[in-house]
Amino acid sequence: MARPTLPNGPYRAHVGDTSYDLTLQDGQVHRDGHLVEVEATQMEGHRVTLRLNGRSVPTVVEAQGDGQYVVTVGHRRIPVRVQDARALLLERFGMDSGEAAAAREVRAPMPGLVLRVPVEAGQAVEAGTSLLVLEAMKMENELRAEAAGTIEAVHVSAGEAVSKNALLISFAD
């Protein structure tokens, strides 16, 4: 069976009060800067067999959504929250991705260049719909709708440079 793969890049895993910085690069995993020998084999359902530094660890990984997982090792269920590169970048710029869900506005999480705006005023969108692609620090950051709604106004266009916290899109109440 195929091994599960994750995109290269930085991640941060929060397990209880402890955080681990993880870097995945070309099949290698570094935890807090140290190489870790990890091999994951997907079994039936959510079951995964992990080999950590040569030791086999039968595990069940259940995705809860929004970067939340429950990892069961033996009879112990462990809640784990994982931040990907985008979430880490938003955190670095002082933005909390949870703030966007409550807001009726989408603001630039960082300064950048608007590459694409595939939506328009009056358009109804579902949660997860792509609203805008912002290039910052040579990375394309796709901003998506956090909840269903109707776009009231699009305040930017492709090719426009924006500053941090610039109003990009507003939603109707």
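The values are calculated or read from the model by the stated rules, or taken from the named source; none is laboratory data. This one's a predicted model, so the numbers in the text were calculated from it and none came from an experiment. Here the Cβ positions follow ideal geometry from the backbone for every residue, glycine too, while neighbour counts run over all protein chains shown. For accessibility, only protein heavy atoms count, side chains too; no ligands or nucleic acids. Shrake-Rupley method; radii C 1.70, N 1.55, O 1.52, S 1.80 Å.
Conditions tested, residue by residue: (1) within 30 Å of M139 (Cα to Cα); (2) surrounded by 12 or more Cβ atoms within 10 Å (Cβ to Cβ).
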{"site": "R12", "(1), (2)": "yes, yes"}
{"site": "D21", "(1), (2)": "yes, yes"}
{"site": "D26", "(1), (2)": "yes, no"}
{"site": "H30", "(1), (2)": "yes, yes"}
{"site": "T41", "(1), (2)": "no, yes"}
{"site": "N53", "(1), (2)": "no, no"}
{"site": "P58", "(1), (2)": "no, yes"}
{"site": "E62", "(1), (2)": "yes, yes"}
{"site": "G65", "(1), (2)": "yes, no"}
**Message:** Could you go through region 114-127 and let me know if any residue there is free of Cβ contacts under 8 Å to residues at least 60 places away in the same chain, within 24 Å of A85 (Cβ to Cβ) and under 16 Å from the mean Cα position of the chain (by Cα).
**Reply:** yes
**Item:** Conditions (1) open to solvent by less than 60 Å² (accessible area, probe 1.4 Å); (2) farther than 21 Å from R76 by Cβ; (3) not acidic (D, E); number of the one not met by N8
**Value:** (1)
**Request:** Could you list all residues from region 134-170 that are β-branched (V, I, T) and over 12 Å from V106 (Cβ atoms)?
**Result:** T150
**Item:** Candidate set: region 104-124, residues that are open to solvent by 70 Å² or more (accessible area, probe 1.4 Å) and not in a loop (DSSP other than H, G, I, E, B); chosen: the one nearest to M139 (Cα to Cα)
**Value:** R116
**Request:** From L132, L168, grab the single residue that is touching a residue at least 60 places away in the same chain (Cβ under 8 Å) and assigned to a strand (DSSP E or B).
**Result:** L168
**Request:** Filter region 1-24 down to residues that are at pLDDT below 80 and either outside any loop (DSSP other than H, G, I, E, B) or closer than 19 Å to V48 by Cβ (or both) and give me whichever is farthest from the chain's Cα centre (by Cα).
**Result:** M1
**Request:** Might you let me know whether region 136-143 holds any residue that is under 19 Å from the mean Cα position of the chain (by Cα), assigned to a loop (DSSP other than H, G, I, E, B) and closer than 25 Å to D84 by Cβ?
**Result:** yes
**Message:** Could you go through region 28-35 and let me know if any residue there is closer than 20 Å to N8 by Cα, charged (D, E, K, R), at pLDDT 85 or above and not in a strand (DSSP E or B).
**Reply:** yes
**Item:** Criterion: of a type in the set (G, A, S), within 17 Å of the chain's Cα centre (by Cα) and at pLDDT below 80 - qualifying residue of G67, G94
**Value:** G94
**Asked** How about region 150-165: which of its residues are within 24 Å of D66 (Cβ to Cβ) and either among the charged types (D, E, K, R) or touching a residue at least 40 places away in the same chain (Cβ under 8 Å) (or both)?
**Response** K164, N165
**Asked** So how many residues does region 18-45 have that are of a type in the set (V, I, T) and without any contact (Cβ under 8 Å) to a residue 12 or more places away in the chain?
**Response** 2
